[in-house]
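Here the structure comes first, spelled out in structure tokens, and everything after it is commentary.
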Amino acid sequence: MPILGLTDQAAAFPRIGELRKGGEKTEKRPGKDLEYFRFTTKDPEVMAAFRDAYGDKPREIDVFLPYPTTDENFETWMEEWAGGGLVHRCNGRYIVRYLDRQSGHYVDPAPGSMECPYCNGQRERTRQNPGCKEVGRLKVIIPALGRLAYVTALTTAVN
């Protein structure tokens with residue numbers, strides 16, 4: 001019998017950084033589109049390895065995909081964020097994860113049981129409350145980093 005939360009889950013690669021094509025966000029605006037990739041990590045050794053391999057403004061990065069399927073490598077969702085935390089995640093019709101404000105825990109409702117109020121028109125998207133937006137996360141391994149760990153290439157652009 002597995003130990004719940006330890007041996008009952010599939011093994012996964014650790015995430016060690018992020019790649020972006022946009023500059024850092026300002027207080028009220030997204031960062032400007034860059035002509036190069038911006039790499040961020042909390043690990044100074046990983047940052048040094050990245051800079052040694054690609055410099056400060058790389059236009060190309062050698063990567064490979066860690067998983068056999070598109071869905072495993074490239075997650076796409078509609079997500080609503082507020083105050084630095086995820087409010088809900090949906091597939092464009094149904095919520096697949098949301099923050100239960102009473103308990104403070106995330107809940108994964110039964111598939112197809114909870115419609116997204118922004119996607120079905122029950123809640124209006126406004127400038128102050130835009131609701132959920134498109135998010136894509138491509139998992140890649142960068143061999144030059146010398147780690148069997150993935151980096152997430154993030155996009156919020158529709159195209």
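Just one of (1) among the hydroxyl-bearing types (S, T, Y); (2) closer than 29 Å to G83 by Cα; (3) modelled with pLDDT of 95 or more trips up Y36, so point out which. Y36 satisfies all of (1) among the hydroxyl-bearing types (S, T, Y); (2) closer than 29 Å to G83 by Cα; (3) modelled with pLDDT of 95 or more except (3). Of the residues making up the range 98-120, at least one is open to solvent by 40 Å² or more (accessible area, probe 1.4 Å), touching a residue at least 40 places away in the same chain (Cβ under 8 Å) and out of contact with any Phe, Trp or Tyr (no Cβ under 8 Å at 6 or more places or on another chain). All of (1) in contact (Cβ under 8 Å) with a residue 24 or more places away in the chain; (2) assigned to a loop (DSSP other than H, G, I, E, B); (3) open to solvent by 30 Å² or more (accessible area, probe 1.4 Å) hold for R137 with one exception: (2).
For the subset of the range 39-79 comprising residues that are part of a helix (DSSP H, G or I), charged (D, E, K, R) and at pLDDT 95 or above, which member is nearest to L148 (Cα to Cα)? Ranking the qualifying residues of the range 39-79, first place goes to E45. Take the conditions (1) assigned to a loop (DSSP other than H, G, I, E, B); (2) under 14 Å from the mean Cα position of the chain (by Cα); L86 misses just one of them, which is (1). Scanning the range 15-37 for residues that are under 21 Å from I142 (Cα atoms) and open to solvent by 100 Å² or more (accessible area, probe 1.4 Å) returns R15, E35. Only a single item in (1) open to solvent by 80 Å² or more (accessible area, probe 1.4 Å); (2) modelled with pLDDT under 95; (3) over 28 Å from L145 (Cβ atoms) is not met by R93, and it is number (2).
The values are calculated or read from the model by the stated rules, or taken from the named source; none is laboratory data. All of these numbers come straight from a predicted model, not from anything done at the bench. Every residue, glycine among them, receives a Cβ derived from its backbone with ideal geometry; neighbour counts consider all protein chains shown. Only protein heavy atoms, including side chains, enter the accessible area calculation; ligands, DNA and RNA are left aside. Shrake-Rupley method; radii C 1.70, N 1.55, O 1.52, S 1.80 Å.
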